[in-house]
Amino acid sequence: MEKLYAIAQQFTDPQVVEQVQAYGAGNVNDTYLVTIAQTDDTQPISRFVMQRVNTHVFHQPELILLNMQTFLGHMARQQEQETLPGAARWEMPRIISTTTGQGYYLDEEGAFWRAISLVEQAKTYPKIRDAAHAREAGSALGRFHRLLSDLDPATLHDTLPGFHITPRYLAQYDSVLQNAPPRTTANNARAAEVDWCLQFVEDRRQWATVLEDAQASGELALRAIHGDPKVDNILIDDVSGKAVSIIDLDTVKPGLVHYDIGDCLRSCCNPAGEETTDISTVTFDTDLCRVILNGYFAEAARFFTLADYAYIYDSIRLIAFELGIRFFTDYLAGDIYFKVKHGTHNLQRALVQFRLAECIEAQEDAIRQIVADQRQ
């Protein structure tokens, strides 16, 4: 803990760091909430977020900060042009520099630390609470995409090469599988579930390229994407109940907005959540899907093309399949990417996503009709 205080002091006056505590439930970075003490009765207590970036995942973490400077600056300029009196609150985190003016701090072990402002009086939720919350989730992603829709994606660095490119995850899966890891053997107590996952991937591998093929043919265009717009990255105002921000910005990069849309819907439309241990409770709620897309297109319809609409169903189906592959691959490889709480945690996560993909496939007609209704 003493080390954490010393690192926090790199980003503020050493005399005012009152508390450093673990914060959030991220699967990749280590995140802490730093509380700054009051220096007098008129100064409110302030807080900021401090993170140790996982450099095993983000090999060039400085690119994250360069991207944030680019897209946060662009978003702020867009907001200035369109903000009217009484406009809804929208507040993105800001980069906090070290006391020496650097954007990050390297500790004595070479770990990469950065700090960002905390969006106060707002919180995230692990699951969608109701229809109003669902609409705000869609609205938040739509606003994020809209404010960056005219940002040249070439100005952004690819902070995580291969991220949200499903064929690459499938290739990684094949590579891990080829090494015949022990977890695929019959000695595994959950061998039947492993076998089911193996067959599930095999039965669907032929359409894993659907979005990349559309991008290669020119039907879909690269834009700035968030990369991880799941429900627990969407901040909801404590008073108004409106979405006020999207956080966890490490994966903002050039990409297809369809991966974002699919990920948002995958996350929000499964009321059981991705950490459930009861696969029978997993479902895809089309009523929530309709509300979320309604919120999304209230913001984003102005830049959408007919081809963009045509691939929404594919994106929803594909992202659940993709995440399932990622969890399953990590399980087979020995849990080297995602944080786990027990030895079969990633296998359980994979089962949830593959079951969700099944539910999406079973409701293809209904989902396509929902998308068609958004165009009218």
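Some values worked out for this structure:
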quantity: Within the stretch 2-119: Cβ-based charge dipole about Cα centre, in debye rounded to nearest 20 (Lys, Arg +1; Asp, Glu -1); calculated: 340 debye
quantity: Dipole magnitude of the stretch 153-260, debye to nearest 20 (Cβ charges: Lys/Arg +1, Asp/Glu -1, about Cα centre); calculated: 160 debye
quantity: Viscosity 1.002 mPa s, temperature 20 °C, Stokes-Einstein D of the stretch 2-119 from Kirkwood C-alpha radius, µm²/s; calculated: 136 µm²/s
quantity: Ordering of 286-293, 116-123 by burial proxy (mean other Cβ atoms within 10 Å per residue, highest first); calculated: 286-293, 116-123
quantity: Nitroxide proxy distance, nm - points 7 Å out along Cα→Cβ at Asp158 and Ile279; calculated: 3.4 nm
quantity: Selection from Ser139, Ala6, Leu249 lying farthest towards where the dipole of the chain points positive, charges on Cβ; calculated: Ser139
quantity: Estimated FRET transfer efficiency (Ala192, Ser240; beta-carbon r; R0 41 Å; 0.05); calculated: 0.30
quantity: For the stretch 216-275 versus the stretch 286-319, the gap between their alpha-carbon centres in whole angstrom; calculated: 12 Å
quantity: Cβ-derived FRET efficiency at R0 30 Å, Ala171 paired with Leu222, nearest 0.05; calculated: 0.90
quantity: Residue order, fewest to most surrounding Cβ atoms within 10 angstrom, among Lys242, Lys341, Lys230; calculated: Lys341, Lys242, Lys230
quantity: Gln81-Ile336 pseudo-label distance in nm [points 7 Å out on the Cα-to-Cβ vector]; calculated: 4.5 nm
quantity: Inter-label distance, nm, simple model (7 Å from Cα along the C-beta direction), Gln19/Glu2; calculated: 2.2 nm
quantity: Stretch gain in nm, segment Leu306-Gln369, where the contour uses 0.36 nm per residue and the Cα spacing is subtracted; calculated: 21.2 nm
quantity: Packing-based order for 211-223, 250-262, using average beta carbon neighbours within 10 Å, highest first; calculated: 250-262, 211-223
quantity: Check: the stretch 275-376 dipole with +1 on Lys, Arg Cβ and -1 on Asp, Glu Cβ, in debye; calculated: 220 debye
quantity: Shape metrics for the chain, restricted to C-alpha atoms - Rg then Dmax, Å; calculated: 21.1, 66
quantity: Descending semi-axes in Å of the stretch 213-366, equivalent ellipsoid built from Cα gyration tensor; calculated: 25, 19, 17
quantity: FRET efficiency for Asp107 and Gln38, using Cβ-Cβ distance with R0 set to 25 Å, rounded to 0.05; calculated: 0.35
quantity: Extension reserve of the Glu91-Ser46 stretch, reckoned as 0.36 nm per residue once the Cα distance is removed; calculated: 14.6 nm
quantity: Spatially proximal lysines relative to Lys230 (Cα-Cα < 19 Å; intrachain offsets below 8 disregarded); calculated: Lys123, Lys127, Lys242, Lys253, Lys339
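Any read-out appearing in this document is the output of simple, stated calculations on the displayed coordinates, not a laboratory observation. Since the structure is predicted, the reported quantities are computational estimates derived from the model, not experimental observations. With ideal geometry, Cβ positions are generated from the backbone for all residues, glycine too; neighbour counts draw on all protein chains shown.
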